[in-house]
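Here's the structure, in structure tokens; my notes come after.
The values are calculated or read from the model by the stated rules, or taken from the named source; none is laboratory data. Keep in mind that what you see is a predicted model, and the values were worked out from it rather than measured. Cβ placement follows ideal geometry from the backbone for every residue including glycine, while neighbour counts extend to all protein chains displayed.
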Amino acid sequence: MSRSYTVLQTVTANDAQVTVVTPGLIVDTTGTGGNAITITGAGKLGAKEPSADDHTDIEAGFRVVEALGRLDVGQAAVVVKGYVLAVEAAEGTDEMLARCAELRRAGQGRLERAGVLVKAPKPGQEERVDLPTIGPETIKGAAAAGLAGITVTAKHVLIADRAATIAAADAHEIFIFGRRPSEPHG
């Protein structure tokens, strides 16, 4: 599926091209803007990379998120060692991660850092007005839940305050990984 935005204004400042695509939504299309909302790229963002086990959870997570999306349920899931720990519904990502953290505290989750949050748009989703987003709070929630990382669909998920988000991920030793939409789902 190709994605198109109605571009209202494009401004270049400090080597970052910033595009206003809807009123109030500013997207740094070059990925260099520090505090702007940016579109995720492909590959790792930050210092840490997903392990082979993480990639297995990533593939499972994308299968779950695709199924959820076809039912118009949510845009995210948490998979730990092949087990679907949580799916996002009306409560949103932050509350889903809080639920995962509570399970971990209650001893129902793994004690070592493991598992991934997978976040992607729903199939056929109107991306001009409702792109999934991650940011520093998402990193804090994933860390509290004991997750190893976060994977998103590259170029289809926004990062709020990119620099702070990547710094938080590095501080918590959590990976952020942008998976190309064309990559197979396992």
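A few points about this structure:
- Condition met for Arg113 (in contact (Cβ under 8 Å) with a residue 24 or more places away in the chain, of a type in the set (D, E, K, R) and either within 15 Å of Pro181 (Cα to Cα) or assigned to a loop (DSSP other than H, G, I, E, B) (or both)): yes
- The requirement of being under 23 Å from Glu173 (Cα atoms) and more than 17 Å from the chain's Cα centre (by Cα) is satisfied by Leu103.
- The C-beta contact set for segment 49-74 (first residue closer than 21 Å to Arg113 by Cβ, second residue in a helix (DSSP H, G or I) and modelled with pLDDT of 95 or more, distance under 9 angstrom, 6+ apart or interchain) comprises Pro50/Asp57; Pro50/Ile58.
- No other residue among Glu49, Glu95, Glu91 is at pLDDT 90 or above and not in a loop (DSSP other than H, G, I, E, B) apart from Glu95.
- Qualifying residue in segment 116-130 (condition: surrounded by 15 or more Cβ atoms within 10 Å (Cβ to Cβ), at pLDDT below 95, hydrophobic (A, V, I, L, M, F, W, C) and not in a loop (DSSP other than H, G, I, E, B)): no
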